[in-house]
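See below for the structure under consideration.
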Amino acid sequence: MSSSSDVSSQPSSPGASTPVTSQPPSPALSKLSLQDISDEAKAEAAKLKAEANKAFVAHDFNKAAELYTQAIEKNPLDPTLWCNRAYARIKLEEHGYGLSDASMAIELDPNYAKAYYRRATCYLQTMKYKQAIADFKKLLTLEPQNQLVRQQLDSTQKILRKVEFEKAIEVEEEKSPVERCFEIIAEGGCEVDKTYTGPQLPKADDGKYRITPEFVRDMIQWFKDGKSIPRRYVWEIILGAHSHFVQEESLVNVDIEDGMTIDVIGDVHGQYYDYLHLLSLTGEPNEKHALLMNGDLVDRGSWSVEVIVTALAFKWLYPKRMYINRGNHESKEMNRTYGFEGEAKHKFGEQTYKLFAHIFTEMPLATLISATKPPVGPTKGLILSPEGRKRYFVVHGGLFSKDGVTLDDIRQIKRIGQQPGQEGLMYPQELPGRGPSKRGVGIAFGPDVTKRWCEANGVTGIIRSHEVRQDGYSIEHGGLCITVFSAPNYVDQAGNKGAFIRIDAAGTQQYTQFEAQPHPPVKPMAYASGGLASLLM
């Protein structure tokens, strides 16, 4: 896949980036021919491309995509421009746009190997394994000696076979993983190794394990030092959180009383050392302070187990001050590809992964944060609750594929034991109405959709996560849609800040940004499906 004019696939150190996402795909250019493009335009395109390549190497992927777009406008028949922009969009996780760009590069040059590689990457990222396999096979006809692609083809075929096998045998088990773990414990099959010398989970007078703040703090330090706790403790923590999740509705109501605050945290994605820094800024949950993690705690980062165990320990310890919404990565399909399944099985075994997979289905889908005091300052133009208070709908992806969905509709969703599909994910867009998603799955929703939904439900604004924001957060749709992302320097290469949002009893928001922290020398995606880590980053 060599080409001297393509941007390098090994960029150097990260640089600053702009908060905006790249522009939609350029229109098809079937009526143009090479004679329509002047030598001057080609030269200007080449200059813009060189600038874009520099921006890409500096990890400023938004700027790179913008410059490639300008170059395409000058010389739209150069396939390398489309292919390079596809790569920039892959780095921005805009796989729908990347797919379109790579396809255009292939249309312009049907033998362009790297374009097939980029398109296969987009297909793989959006779980379209058969299409990815077809592009890998085409690529190997062009480059039969490319052993990396051969390995990635083999890994993708293995994933597809596993998916199809699991679908073929998918039946409801007689016992849930929760019941099975209780059985194994009762049979004495999950005891703490006598050689273990780490933090001790205390027992109550009845002999059952209980959680304490001291244990959680000691466990966090133990994890930070690169050590592991017994499998039994992991089970107890998951089961402790389970006892609270099953009592919560699919839409959780949280009232912020006078003197109380809540911090809304976006994607963490297994970046444990950044998560610990984040907790040092938010503080632990306590009587006057709650945390809400808005999904995607796991996958990609290589300490996903430590992140989720810590979060679930706080849920067990402070059930009314630690809230966790489910994200799209709290699902079997994503965990199979992006590392959490491999990590959980490697660290704690098959049954532990099954227990995690079940607890993910118990996590609520959304949280309604309601102020209890009147808003501070002018209220003109604000959408308030029937009581005249601010309230925020917090959900991982965004709004819905149709109008008319109410808060009660969300409360009544039967979620436990259900694996989510990819169709329900929603993303903000600048254009009105609903449209295709730049991510390649789900649907994008415009400011009119947001305003209509907020007015119908008496919601002051929507807080969602799910997408990288270079500043850690962004405010869109006239202030009605806020994105918060809490994994700084995402997968060790995005160069973005992390952020969280603090909300008080009057509904006032305060934004805090933070930078990435050093971590041990383990790369992201260390437990991803064999041979695919480089494609999935």
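The values are calculated or read from the model by the stated rules, or taken from the named source; none is laboratory data. Since this is a predicted model, take the numbers as computed values, not measurements. Note: ideal-geometry Cβ built from the backbone for every residue, glycine included; neighbour counts use all protein chains shown. The accessibility values were calculated without ligands, DNA or RNA, using every heavy atom of the protein model including side chains. Shrake-Rupley method; radii C 1.70, N 1.55, O 1.52, S 1.80 Å.
In region 321-352, which residues are assigned to a loop (DSSP other than H, G, I, E, B), within 17 Å of the chain's Cα centre (by Cα), over 16 Å from Q271 (Cβ atoms) and not charged (D, E, K, R)?
If the condition is that a residue be assigned to a loop (DSSP other than H, G, I, E, B), within 17 Å of the chain's Cα centre (by Cα), over 16 Å from Q271 (Cβ atoms) and not charged (D, E, K, R), then N328, S331 are the ones that fit.
Anything in region 198-218 that is open to solvent by 90 Å² or more (accessible area, probe 1.4 Å) and at pLDDT 95 or above? List them, or say none.
Answer for region 198-218, where residues must be open to solvent by 90 Å² or more (accessible area, probe 1.4 Å) and at pLDDT 95 or above: Q200, R210, E214, R217.
What number of residues within region 456-509 satisfy the criterion of being in a strand (DSSP E or B) and open to solvent by 10 Å² or more (accessible area, probe 1.4 Å)?
Result for region 456-509: 7.
For region 63-151, which helices (runs of 4 or more DSSP H) that fit wholly inside it have 3 or more residues that are of a type in the set (D, E, K, R)? Steps first, please.
Values: elements: 79-91, 95-108, 113-125, 129-142.
Correct list: 79-91, 113-125, 129-142.
Please state which one of I359, I383 is in the same structural domain as D255 (by the TED database), at pLDDT 95 or above, open to solvent by less than 50 Å² (accessible area, probe 1.4 Å) and under 21 Å from the mean Cα position of the chain (by Cα). Reasoning before the result, please.
Numbers: I383 fails: under 21 Å from the mean Cα position of the chain (by Cα).
Matching residue, one of I359, I383: I359.
Show the residue pairs that are 6+ apart or on different chains and have beta-carbon atoms under 9 Å apart, the first residue being within region 177-190 and aliphatic (A, V, I, L, M), the second being surrounded by 14 or more Cβ atoms within 10 Å (Cβ to Cβ) and in a loop (DSSP other than H, G, I, E, B).
Between residues of region 177-190 that are aliphatic (A, V, I, L, M) and residues that are surrounded by 14 or more Cβ atoms within 10 Å (Cβ to Cβ) and in a loop (DSSP other than H, G, I, E, B), the close pairs are I184/C190.
T406 fails exactly one of the following numbered conditions: (1) touching a helix residue (DSSP H, G or I) at 6+ places or on another chain (Cβ under 7 Å); (2) modelled with pLDDT of 90 or more; (3) buried (at least 17 other Cβ atoms within 10 Å of the Cβ). What is the number of that condition?
Only one criterion in (1) touching a helix residue (DSSP H, G or I) at 6+ places or on another chain (Cβ under 7 Å); (2) modelled with pLDDT of 90 or more; (3) buried (at least 17 other Cβ atoms within 10 Å of the Cβ) is unmet by T406, namely (3).
Condition (residue is more than 25 Å from the chain's Cα centre (by Cα), open to solvent by 10 Å² or more (accessible area, probe 1.4 Å) and not small (G, A, S)) applied to region 92-102: is it met by at least one residue? Outline the logic, then answer.
At the first step, the residues of region 92-102 found to be more than 25 Å from the chain's Cα centre (by Cα) are none.
No: region 92-102 contains no residue that is more than 25 Å from the chain's Cα centre (by Cα), open to solvent by 10 Å² or more (accessible area, probe 1.4 Å) and not small (G, A, S).
From the list R180, R161, R118, R150, pick out the single residue that is charged (D, E, K, R) and open to solvent by less than 40 Å² (accessible area, probe 1.4 Å).
R118
Just wondering, is there one or more residues in region 99-113 that are in contact with an Asp or Glu (Cβ under 6 Å, 6 or more places away or on another chain), closer than 21 Å to T156 by Cα and either of a type in the set (F, W, Y) or not assigned by the TED database to the domain that holds E164 (or both)?
The answer is no; no qualifying residue exists.
Say we look at region 309-338 and pick out the residues that are among the charged types (D, E, K, R) and open to solvent by 10 Å² or more (accessible area, probe 1.4 Å); which of these is farthest from E257 (Cα to Cα)?
Among them, the one singled out is R336.
Would you kindly identify the strands (runs of 3 or more DSSP E) lying entirely within region 230-308 that contain at least 1 residues that are within 23 Å of C181 (Cα to Cα) and open to solvent by 20 Å² or more (accessible area, probe 1.4 Å)? I'd like the intermediate steps shown before the answer.
Working: elements: 251-256, 261-265, 289-294.
Qualifying strands (runs of 3 or more DSSP E): none found.
I'd like to know if region 146-168 contains one or more residues that are of a type in the set (D, E) and either touching a strand residue (DSSP E or B) at 6+ places or on another chain (Cβ under 8 Å) or modelled with pLDDT under 90 (or both).
Yes, some residue in region 146-168 is of a type in the set (D, E) and either touching a strand residue (DSSP E or B) at 6+ places or on another chain (Cβ under 8 Å) or modelled with pLDDT under 90 (or both).
With the checklist (1) of a type in the set (G, A, S); (2) in contact with a strand residue (DSSP E or B) (Cβ under 8 Å, 6 or more places away or on another chain); (3) not assigned by the TED database to the domain that holds T361 in hand, flag the one item G198 doesn't pass.
The failed condition is (2).
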